[in-house]
Amino acid sequence: MLPSGRFSWLALAVAALLAAILLALFGGIHSPATSLLLSDVLQSAIALWAAFCAFYVARHSAGYLRQLWLLLGSALSISTAAQVLETYYQNFVHLPSTSPWPSDILFLFWVTPAILMFLPRPSEESTGINWLQVLDFAQVGVVALTAYLYFFYVPSRWEIEGPQMILKVLRLQMFRDLVLAGGFALRAAAVSTHSVRAFFRRMSVFFLLSCAAGLYPLFVSRSVPLGPNWSDITWSVPYLFVAFFAAAWKNKEEPFILPSGSSWRAMVASQALPIIIPLLVLLMGRRIVAEQLTIAWIAITASFLISAARLVLTNEKPRRLAEDLLRAQQALRRSERMFLTAFRSSPDAVGITTIPGGNFLEINDSFTRLTGYMREETIGKSPVEMNLWKDSSHRARVMAKLREELEVRDEEFYCRTKWGEIRVCQFSGTLIELDGQLCALSIVRDITARKKSEEALRASEERFRTLVRDFHVGVLLQGPNAEILFANEAAQQMFGITLEQAQGKDSSQFALISIREDGTEIPFSMRPVPRVIETRQPVLNHVIGWRRAESSEVLWILGNSVPQFAPDGSVSAVISTFINITERRQAEEALHQLSTRLLQLQDEERRRLGRELHDSLAQSVLAVNLNLAQAMQSSDSLSERSQHALTEARRLLKEMSREIRTLSYLLHPPLLDELGLVSAIKEYAEGFSERSGITVQLDLQAGFARLPQDAETALFRIVQESLSNIQRHSGSDKAVICLRSDASSVSLQVSDQGRGIDKAKGAPGNGKTPRLGVGILGMRERMKQLGGNLDIDSRSSGTTVRATIPVGTEARLASSNPRSR
């Protein structure tokens, strides 16, 4: 098959162009010498183009067809060379036509490659140089050259016969072409390969056209060159046919089938011709010696040397075949030794039995170990006689299958040993031929231990499957792409889906929204299983909420996701286990709401008590003090002792009034509601320093804005509790309060330089806990309500309490409902 159609069109176009130019010479050029030269040049070009087309098709062919096209191209190349020589001698040297021309030798010799096509096709294709074919080509060339010299190239004959010699040469060429045409037709009929048959048929047409082209020159004298004539056209027709033949060639190489009768042709080509041809050359050389002694001896010597080389190469092939046979025998002996070694040392029981009797011819040592029967007890007996198969009917079916299919693989059966033990085995067998006797090569493998292991594994898997299926904890098995492979009953019930609905899908393909504890949605890539696949690390104790798109209810789960690895180190699966903590979350939510409500009630109660102390009890104490003052003004009749008692009573009332005001302020400072957090902290710090003697350093941000009431109250209570703890436990004489705010959060920090919290007191087993008290727990709860954090950093050099809350809309929402996040 040609690689493309462009060559076909090019081959036809060039051939048609050359033919058209040759036809145009008729009457186109008035000078006979010029037109004759151009005609000869065009004929040479047509022959050369036909040779090029043949070589092009050979390049794109393969096998035997490539060889045939190469031979055709070689023949056309020699014909082109003959035409070029004739052009030279006819137009430049001007040899007389009644004398022999060197081109006549090539015109007779050019068919030699075509004759080689009749040689037997080689039984195997070779990519190297076929030296036998080269020698055959040279031998045929020598014969053709000798024959021409014998019959035509004797100057005395040309002198005697003159123009008649030209006619004899033309008749000989016509006869040659006619014989070749018939030979190729017969060769095509004998070939079974379609592509080769088509090639030979076209070669027959080519030589018929070549034979017909010689009819016209018989009627035209060679000695009167009158310019181009129909002889030139008819001579070019066969070569134009070859160009068309190559352009239209579409056949492919087909599988080679050695034709019948090829053996005698091969014998003639390889044995008879190398002997007959030199003798024929020697016979013809006797006549040539008289006038061309040197040429005759060269031809005879070359013929004998070629035949000798041909015979050497022909005998070389049997020698190589003998060497190959010897190597094959040595390889066979090695194979036999290896087979015997494998037979003896095989861990499986191996035996050779006759067909159909089934008597043992040979067994190995593993057979003895499996069955308990020694070799002497086994040889000559059949498995039926030895009762090796527990089910004899099963053996009959297996052997029938073996005879029918020629091979049996891994057929399980129960084998009975010499001691009556039943073993589970696998039977494999194949039919072989030993010394003309059909036998069975049987291999038996003991799989009893494997079957027990498989049964144990199957039972274990069943127990594990039952456990996982009935486990109250949800279990998911997901693949390397997070697709769900398995979900137990608990997982299906939690999410309200069936295994059929879930298999092959990932969590993003369900109508479920994954949320964090703060209520924000979790992207698919940040969910536990994708994170495990990406990081190859387990994700433990993760809390995730799942909310259906059409519902506000949330399923809260606490789970663990662990990767499973393939042998190459990649994540092959992820096992996830989880429990439903929705009820626990709801209980925590209710408890948190209760705690929030208690703190709110506590603040309200403190505010009410502070207001009552300030507005009621403090006023009553003031009124009593005023009454005592009036009594002292009218106390002339009172004794000195009574006056002293009144003075002491007024002093106690003043002190009581101050304590009431302090208590009222501690319960709820009025400035917190009126002026805000900064003013309340300043006033409280000043009063705390007066009462405790502890220096309080304030670092309050300038322009600090007002916060929601809950936030200001919580931060103020943290300041109160921290300063109270410093006074009671730290022993520090200095405290620092730092208050800062930015666009995202508010931070409060209270620190001292005291002894810190004694952590050893809270060590397990000593029955003591750090003196954090309910105050710190209350502070943390307040921060939790606001969505903030409380951190306590206690060291031997002091303690620092840090409180941070978010600001803005989120903080106000968190303060009203912390669990709505």
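Brief remarks on what is shown
- Net charge, A189 excluded, C-beta distance under 12 Å - Lys, Arg +1, Asp, Glu -1: +3
- Summing charges over all other residues whose Cβ lies under 9 Å from the Cβ of L431, with Lys and Arg as +1 and Asp and Glu as -1, gives -1.
- Length gained when the stretch T430-F464 is fully extended (0.36 nm per residue, less Cα-Cα span): 8.1 nm
- Separation of the alpha carbons by more than 21 angstrom is noted, of K682/K734; K401/K452; K390/K418; K654/K682; K381/K451, for K401/K452; K654/K682; K381/K451.
- Ranked order, I792, I718 - accessible area, probe 1.4 Å, largest first: I792, I718
- Across M494, M338, the residue with the most accessible area heads the list, and the full order at a 1.4 Å probe is M338, M494.
- At most 10 other Cβ within 10 Å, DSSP loop - GluC sites (Glu not before Pro), segment 498-583: E550, E553
- At R0 = 25 Å, FRET efficiency that the Cβ-Cβ distance of I379 and K418 yields, to 0.05: 0.95
- Sorting the segments 351-361, 396-406 by their mean number of nearby beta carbons within 10 angstrom, highest to lowest, gives 351-361, 396-406.
- Length-normalised contact order of segment 425-520 in % [C-alpha pairs under 8 Å, at least 6 apart]: 15 percent
- Computed lengthening from S796 to S346, 0.36 nm per intervening residue step minus Cα-Cα distance: 154.2 nm
- Solvent-accessible area of Y64, all protein chains in place: 10 Å² (probe radius 1.4 Å, heavy atoms, ligands and nucleic acids excluded).
- Counting only protein heavy atoms and using a 1.4 Å probe, the accessible area of D365 comes to about 90 Å².
- Inter-label distance for E517 and I355, nm, one decimal - labels placed 7 Å from Cα along Cα-to-Cβ: 7.6 nm
- Backbone N within segment 488-515 under 18 Å of label point (7 Å from L477 Cα along the Cβ vector): 488-493, 498-507
- Stretchable slack from S525 to H60, in nm (0.36 nm times residue separation minus alpha-carbon distance): 161.7 nm
- With the simple model of a label 7 Å out from the Cα in the direction of the Cβ, Q586 to K401 spans 6.1 nm.
The values are calculated or read from the model by the stated rules, or taken from the named source; none is laboratory data. Predicted model only: the values in this text are computed from it and were never measured. Backbone-built Cβ (ideal geometry, glycine too); neighbour counts: all protein chains shown. Remember, those area values only see protein heavy atoms, side chains included, never the ligands or the DNA or RNA. Shrake-Rupley method; radii C 1.70, N 1.55, O 1.52, S 1.80 Å.
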